[in-house]
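Novice: Structure in structure tokens, see below.
The values are calculated or read from the model by the stated rules, or taken from the named source; none is laboratory data. Quick caveat, the model's predicted, so the values are computed rather than measured. Using ideal geometry, Cβ is built from the backbone for each residue, glycine included, and neighbour counts are taken over all protein chains shown.
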Amino acid sequence: MGCCRGLRCRTLGVAGASLLVLSGCTYDDAGMMELAEPTVHQQLAVTFNYGGHGYELASTYMDTMGHVFKLDTLAFILSGIRAEDDGGVVLVPFAGEFVANAANATNTFLLGDLTAEHLHQLRFLFGLDPGPDQVIPSLGSELAAMYCGTDVQGHHFLKLTGQVDGNGDGLLAVGDPRFSFMCTGPAMVRTQTVPVHSDLLTGSTLTAVLSVDIEELLAGIDLLATPSSDGNVLINAQLMDQLVMATTQTH
């Protein structure tokens, strides 16, 4: 028996006859057979590093200003995630808001199913649109830990806390100063993309990886001299801009 043009087919012997098996085939209006677009389970994984090295929360590092420091909180919100093709057309918008937290063992989020031949990139927000920002999160959720406490203030989009060497001895002690930056408000929202450039294979799990370079996130920021802040002040806007730079990948 002949096989359909453009399709991979195989024949099975059944009771002396040949059974033509076509996997994933559909018919268009003209009666021609064509392969159905594959569906995958789409994930987004967030990883943390410091320059060219792995990053461990609460380990000590030296910032670009020469100060020894450590972070005990580093978390940010991702939302509005959508898959795009090579032309920037939205293939599917994924529901939900996610919190990437450096204290977690892993930060891999299942976004949902994606049906397409090829995925160019994921586009998303650092932060929340005004509507979701005013929604009170469920108690005990990761998002609840980012909530400011009132629906007027909404959520912290980026939380960064830690300790810095205050006397220049290269050590961190109980008396050394602490710092805290809470980036909050609509002006702090930023847009970012994660390149994927992958053809899809039905039934598989496709994971896009967003890598965060902590060294670049904190580049040029004097953790010793910069006052802690909450809201949309200049230093917080700078941190949100540098979060974009610290996660930018070349296409």
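Novice: Output the residues belonging to segment 107-160 that are farther than 30 Å from Gly203 by Cβ, under 15 Å from the mean Cα position of the chain (by Cα) and part of a strand (DSSP E or B).
Specialist: Of everything in segment 107-160, those that are farther than 30 Å from Gly203 by Cβ, under 15 Å from the mean Cα position of the chain (by Cα) and part of a strand (DSSP E or B) turn out to be Phe126, Phe157, Leu158.
This table checks each residue for (1) touching a helix residue (DSSP H, G or I) at 6+ places or on another chain (Cβ under 9 Å); (2) crowded, with 20+ Cβ neighbours inside 10 Å; (3) under 27 Å from Phe69 (Cβ atoms).
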{"position": "Gly168", "(1), (2), (3)": "no, no, yes"}
{"position": "Asp176", "(1), (2), (3)": "no, no, yes"}
{"position": "Gly185", "(1), (2), (3)": "yes, yes, yes"}
{"position": "Leu201", "(1), (2), (3)": "no, no, no"}
{"position": "Thr207", "(1), (2), (3)": "no, no, no"}
{"position": "Ile214", "(1), (2), (3)": "yes, yes, yes"}
{"position": "Leu218", "(1), (2), (3)": "yes, yes, yes"}
{"position": "Asp222", "(1), (2), (3)": "no, no, yes"}
{"position": "Asn232", "(1), (2), (3)": "yes, no, yes"}
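Novice: As an exercise: evaluate Tyr50 against (1) loosely packed, with under 15 Cβ neighbours inside 10 Å; (2) over 30 Å from Asp129 (Cβ atoms) and give the number of the one condition it does not meet.
Specialist: That leaves (1) as the condition not met.
Novice: Now a separate question. Could you say which residue among Glu84, Glu117, Glu97 is buried (at least 19 other Cβ atoms within 10 Å of the Cβ) and either of a type outside the set (Ser, Thr, Tyr) or at pLDDT 95 or above (or both)?
Specialist: Going through Glu84, Glu117, Glu97 in turn, the sole match is Glu97.
Novice: Conditions first: (1) in contact with a strand residue (DSSP E or B) (Cβ under 6 Å, 6 or more places away or on another chain); (2) at positive phi. Asp86 passes all but one, so which condition is the exception?
Specialist: Among (1) in contact with a strand residue (DSSP E or B) (Cβ under 6 Å, 6 or more places away or on another chain); (2) at positive phi, Asp86 violates only (2).
Novice: Being without any contact (Cβ under 8 Å) to a residue 24 or more places away in the chain, assigned by TED's automatic domain parsing to the domain that holds Leu239 and surrounded by 16 or more Cβ atoms within 10 Å (Cβ to Cβ), is that true of even one residue in segment 127-146?
Specialist: Looking through segment 127-146, at least one residue is without any contact (Cβ under 8 Å) to a residue 24 or more places away in the chain, assigned by TED's automatic domain parsing to the domain that holds Leu239 and surrounded by 16 or more Cβ atoms within 10 Å (Cβ to Cβ).
Novice: If you don't mind, there's one more thing I want to ask. Looking at (1) surrounded by fewer than 14 Cβ atoms within 10 Å (Cβ to Cβ); (2) in contact with a helix residue (DSSP H, G or I) (Cβ under 8 Å, 6 or more places away or on another chain); (3) not aromatic (Phe, Trp, Tyr), find the lone condition where Gly149 falls short.
Specialist: (2)
Novice: Can you tell me which condition Leu122 does not meet? The list is (1) under 29 Å from Phe69 (Cα atoms); (2) buried (at least 20 other Cβ atoms within 10 Å of the Cβ); (3) among the aliphatic types (A, V, I, L, M), and all the others hold.
Specialist: Failed condition: (1).
Novice: Residues that are among the acidic types (Asp, Glu) and at pLDDT below 95: list the strands (runs of 3 or more DSSP E) wholly contained in segment 176-251 that include at least 1 such residues.
Specialist: Per the criteria, 190-199, 229-231.
Novice: Continuing with this model, one more query. Do we find that Ala105 is more than 25 Å from Ala208 (Cβ to Cβ), out of contact with any strand residue (DSSP E or B) (no Cβ under 8 Å at 6 or more places or on another chain) and small (Gly, Ala, Ser) in this structure?
Specialist: no
Novice: Any residue that is of a type in the set (S, T, N, Q), more than 20 Å from Val196 (Cα to Cα) and in contact (Cβ under 8 Å) with a residue 40 or more places away in the chain - is there at least one of those in segment 86-101?
Specialist: yes
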